[in-house]
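Enquirer: Below is the structure I would like to discuss, written out as C-alpha coordinates.
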Amino acid sequence: AAAETIEDRISAHYADLSTKLRTAADYVAGHPVDVATRSLRSVAQTSGVSPATFSRLARVLGYADYEALREAGRAP
(Lines give C-alpha, C1' and ligand atoms only; values in the text may rest on other atoms or scores of the structure.)
Protein backbone atom coordinates (compact mmCIF):
# COMPACT_ATOMS: atom_id res chain seq x y z
CA ALA A 1 0.00 0.00 0.00
CA ALA A 2 1.16 3.52 -0.70
CA ALA A 3 2.34 5.56 2.25
CA GLU A 4 -0.24 7.90 3.73
CA THR A 5 0.23 11.49 2.67
CA ILE A 6 0.00 14.41 5.07
CA GLU A 7 -3.31 15.26 3.37
CA ASP A 8 -4.60 11.73 4.04
CA ARG A 9 -3.73 12.08 7.71
CA ILE A 10 -5.31 15.53 7.94
CA SER A 11 -8.51 14.20 6.35
CA ALA A 12 -8.60 11.27 8.75
CA HIS A 13 -8.22 13.48 11.86
CA TYR A 14 -9.88 16.74 10.76
CA ALA A 15 -13.21 16.21 12.53
CA ASP A 16 -11.40 15.76 15.86
CA LEU A 17 -9.15 18.81 15.58
CA SER A 18 -9.62 21.99 17.60
CA THR A 19 -10.16 25.27 15.76
CA LYS A 20 -6.48 26.20 16.13
CA LEU A 21 -5.33 22.80 14.93
CA ARG A 22 -7.71 23.01 11.94
CA THR A 23 -6.22 26.39 11.03
CA ALA A 24 -2.74 24.84 11.16
CA ALA A 25 -3.92 21.80 9.19
CA ASP A 26 -5.51 24.02 6.54
CA TYR A 27 -2.23 25.90 6.17
CA VAL A 28 -0.20 22.68 5.90
CA ALA A 29 -2.59 21.27 3.28
CA GLY A 30 -2.73 24.52 1.32
CA HIS A 31 0.98 25.38 1.41
CA PRO A 32 2.91 22.11 1.13
CA VAL A 33 5.97 23.71 -0.46
CA ASP A 34 6.21 26.32 2.32
CA VAL A 35 5.93 23.63 4.97
CA ALA A 36 8.56 21.45 3.29
CA THR A 37 11.07 24.23 2.65
CA ARG A 38 10.66 26.92 5.31
CA SER A 39 11.41 26.87 9.03
CA LEU A 40 8.72 26.29 11.60
CA ARG A 41 9.17 29.85 12.86
CA SER A 42 8.73 31.24 9.35
CA VAL A 43 5.63 29.13 8.64
CA ALA A 44 4.15 30.09 12.00
CA GLN A 45 4.71 33.78 11.33
CA THR A 46 3.17 33.62 7.85
CA SER A 47 0.16 31.58 8.93
CA GLY A 48 -0.51 33.40 12.19
CA VAL A 49 -0.50 30.05 14.03
CA SER A 50 1.96 29.45 16.87
CA PRO A 51 4.91 27.07 16.43
CA ALA A 52 3.56 25.03 19.36
CA THR A 53 0.28 24.52 17.49
CA PHE A 54 2.11 23.16 14.43
CA SER A 55 4.13 20.85 16.69
CA ARG A 56 0.94 19.63 18.35
CA LEU A 57 -0.69 19.10 14.94
CA ALA A 58 2.26 16.98 13.82
CA ARG A 59 1.88 14.73 16.89
CA VAL A 60 -1.91 14.45 16.47
CA LEU A 61 -1.34 13.36 12.87
CA GLY A 62 1.01 10.61 14.04
CA TYR A 63 4.40 12.21 13.36
CA ALA A 64 7.13 12.24 16.00
CA ASP A 65 7.44 16.02 15.67
CA TYR A 66 7.08 18.87 13.20
CA GLU A 67 10.38 17.97 11.54
CA ALA A 68 9.00 14.49 10.76
CA LEU A 69 5.93 16.11 9.19
CA ARG A 70 8.22 18.30 7.07
CA GLU A 71 10.18 15.24 5.94
CA ALA A 72 6.93 13.57 4.89
CA GLY A 73 6.12 16.70 2.91
CA ARG A 74 9.44 16.50 1.10
CA ALA A 75 8.97 12.87 0.12
CA PRO A 76 8.19 12.41 -3.61
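The values are calculated or read from the model by the stated rules, or taken from the named source; none is laboratory data. Note that the structure is a prediction, hence the values are computed from the model and not measured. FYI the Cβ positions are ideal-geometry reconstructions off the backbone, even for glycines, and counts take in every protein chain you see. Just so you know, the surface numbers come from the protein's heavy atoms only, side chains and all, with ligands and any DNA or RNA stripped out. Shrake-Rupley method; radii C 1.70, N 1.55, O 1.52, S 1.80 Å.
Enquirer: When you scan region 69-76, do you find a residue that is assigned to a helix (DSSP H, G or I) and open to solvent by 80 Å² or more (accessible area, probe 1.4 Å), even just one?
Expert: So in region 69-76, the residues assigned to a helix (DSSP H, G or I) come out as 69-74.
Now narrow it down to the ones that are open to solvent by 80 Å² or more (accessible area, probe 1.4 Å): 71, 74.
Yes - at least one qualifying residue is present in region 69-76.
Enquirer: Collect the residues in region 26-43 that are within 11 Å of the chain's Cα centre (by Cα) and in a helix (DSSP H, G or I), keeping them in residue-number order.
Expert: Result: ASP26, TYR27, VAL28, ALA29, GLY30, PRO32, ASP34, VAL35, ALA36, LEU40, VAL43.
Enquirer: Output yes when any residue across region 11-19 is open to solvent by less than 40 Å² (accessible area, probe 1.4 Å), farther than 16 Å from ALA68 by Cβ and more than 11 Å from the chain's Cα centre (by Cα), and no when none is. So that I can check it myself, show each step before the final result.
Expert: Going residue by residue through region 11-19, those that are open to solvent by less than 40 Å² (accessible area, probe 1.4 Å) are 17.
The next check asks that each one be farther than 16 Å from ALA68 by Cβ; those that pass are 17.
Then drop every residue that is not more than 11 Å from the chain's Cα centre (by Cα), which leaves 17.
Within region 11-19 (the criterion being open to solvent by less than 40 Å² (accessible area, probe 1.4 Å), farther than 16 Å from ALA68 by Cβ and more than 11 Å from the chain's Cα centre (by Cα)), the answer is yes, since at least one residue qualifies.
Enquirer: Residues being open to solvent by 30 Å² or more (accessible area, probe 1.4 Å) and touching an Asp or Glu at 6+ places or on another chain (Cβ under 7 Å): count how many of those fall in region 26-45.
Expert: 1
Enquirer: What about THR23, is it of a type in the set (S, T, N, Q), in contact (Cβ under 8 Å) with a residue 24 or more places away in the chain, in a helix (DSSP H, G or I) and open to solvent by 60 Å² or more (accessible area, probe 1.4 Å)?
Expert: Values: of a type in the set (S, T, N, Q): yes; in contact (Cβ under 8 Å) with a residue 24 or more places away in the chain: yes; in a helix (DSSP H, G or I): yes; open to solvent by 60 Å² or more (accessible area, probe 1.4 Å): yes.
Spelling it out, THR23 is indeed of a type in the set (S, T, N, Q), in contact (Cβ under 8 Å) with a residue 24 or more places away in the chain, in a helix (DSSP H, G or I) and open to solvent by 60 Å² or more (accessible area, probe 1.4 Å).
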